[in-house]
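For reference, the structure is listed below as structure tokens.
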Amino acid sequence: MFDIFSEHKGFFGQIVRLAKNELIKTYKGSAIGPLWAVVKPSFTLFVYWFAFALGFKKAGNVEVDINGMTVVFDRFMFMLVGFVPWFFMQDSIIFGMKSIRTNRHFVTKISFPVSTIMSYTILSKLYVHVLLCAVMLVIVQLVLGLSLYVLQILVIMPLMFLFFIFLSWSTAPMGAFSADFENMVMSVMSGIFWLSGIIYNSYDMPTTTLGHIMYLNPINFFANAYRKAILYNQFFWNKPAETIIFVAEFVLVFVLGLFNYNRLRKKIPDVL
């Protein structure tokens, strides 16, 4: 832990600049540039909304039990608030895992703190997420209105950012060691999407057992946390069992990230 913190010490300015450069590099050469950060997610959201709200006619509005009362939400608004954190989480998992291999020149050609590679890569995705969040909040304000509960985003977002940085401490070194690991993660991302409450209400499971199993999914936790803060007007920690499980997973991902990074980082230059 102290090694990673020492690697970041004095590099915060460079991390911010590299994150901006990562964004510029991503959209370099396109006519509308960074607007693709909004256009691509918007198109994806529209396709899923069209399929579920119009294609499957019975899958119209979404019913949510809030404090013992059934509240009906328009499916587009429900999916919008779930998709915005999903886009960040998806990119953080994929690009965080690929970050060391993609930026191998920082490892093999110059002396550069390896752990900061994951930090600036995921920070660049956070910039996009903040932009999408701003658009989402404007839409929700115009359609439904916002309450003070929305201020919880200022806690949920940093938690989500840290969680996926900790996760990348494990996945990025493993991705550098094995292209098969990258392919495996890419293959399961679609399954992770469908097993998370991005397009449906995960609290409305057929059995209590299935509902408790969903508590084990941190992606599901963050999607629900955003909805509680923005749509449900609830505190995101209002289900104690779900919150305790998430805290345990947060600590576990942190500890495993430290262990895997420390175990593999000295071998990364030779592998690359």
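The values are calculated or read from the model by the stated rules, or taken from the named source; none is laboratory data. Bear in mind the structure is a predicted one, so any value in this text is a computation, not a measurement. Counting neighbours? That spans all protein chains shown, and the Cβs are built from the backbone with ideal geometry, glycine included.
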Test of understanding: among Phe83, Phe87, which residue is within 16 Å of Met186 (Cα to Cα) and out of contact with any strand residue (DSSP E or B) (no Cβ under 7 Å at 6 or more places or on another chain)? Phe87
Considering only the range 194-212, state which residues are among the β-branched types (Val, Ile, Thr) and either within 20 Å of the chain's Cα centre (by Cα) or not in a helix (DSSP H, G or I) (or both). Ile198, Ile199, Thr207
For the range 188-203, does any single residue satisfy the condition of being farther than 20 Å from Leu45 by Cβ, among the polar types (S, T, N, Q) and surrounded by fewer than 15 Cβ atoms within 10 Å (Cβ to Cβ)? no
Exactly one of Ala241, Ala248, Ala225 is of a type outside the set (Lys, Arg) and touching a residue at least 40 places away in the same chain (Cβ under 8 Å), and that residue is Ala225
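Can Val155 be described as among the aliphatic types (A, V, I, L, M) and modelled with pLDDT under 95?
no
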Could you grab me the full set of residues in the range 133-165 that are aromatic (Phe, Trp, Tyr) and buried (at least 20 other Cβ atoms within 10 Å of the Cβ)? Phe163, Phe164
Restrict the check to the range 76-84 and report whether at least one residue is surrounded by fewer than 18 Cβ atoms within 10 Å (Cβ to Cβ), of a type in the set (Val, Ile, Thr) and under 25 Å from Lys239 (Cα atoms). no
Answer with yes or no whether Pro218 is touching a residue at least 60 places away in the same chain (Cβ under 8 Å) and under 18 Å from Ser168 (Cα atoms). no
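Conditions (1) charged (D, E, K, R); (2) closer than 30 Å to Asn67 by Cβ; (3) in contact with a helix residue (DSSP H, G or I) (Cβ under 8 Å, 6 or more places away or on another chain); (4) assigned to a helix (DSSP H, G or I), marked per residue:
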| position | (1), (2), (3), (4) |
| --- | --- |
| Ser124 | no, no, yes, yes |
| Val140 | no, yes, yes, yes |
| Phe161 | no, yes, yes, yes |
| Ala172 | no, no, yes, yes |
| Glu182 | yes, no, yes, yes |
| Ser187 | no, no, no, yes |
Total residues in the range 215-249, condition hydrophobic (A, V, I, L, M, F, W, C), in a helix (DSSP H, G or I) and crowded, with 16+ Cβ neighbours inside 10 Å: 10
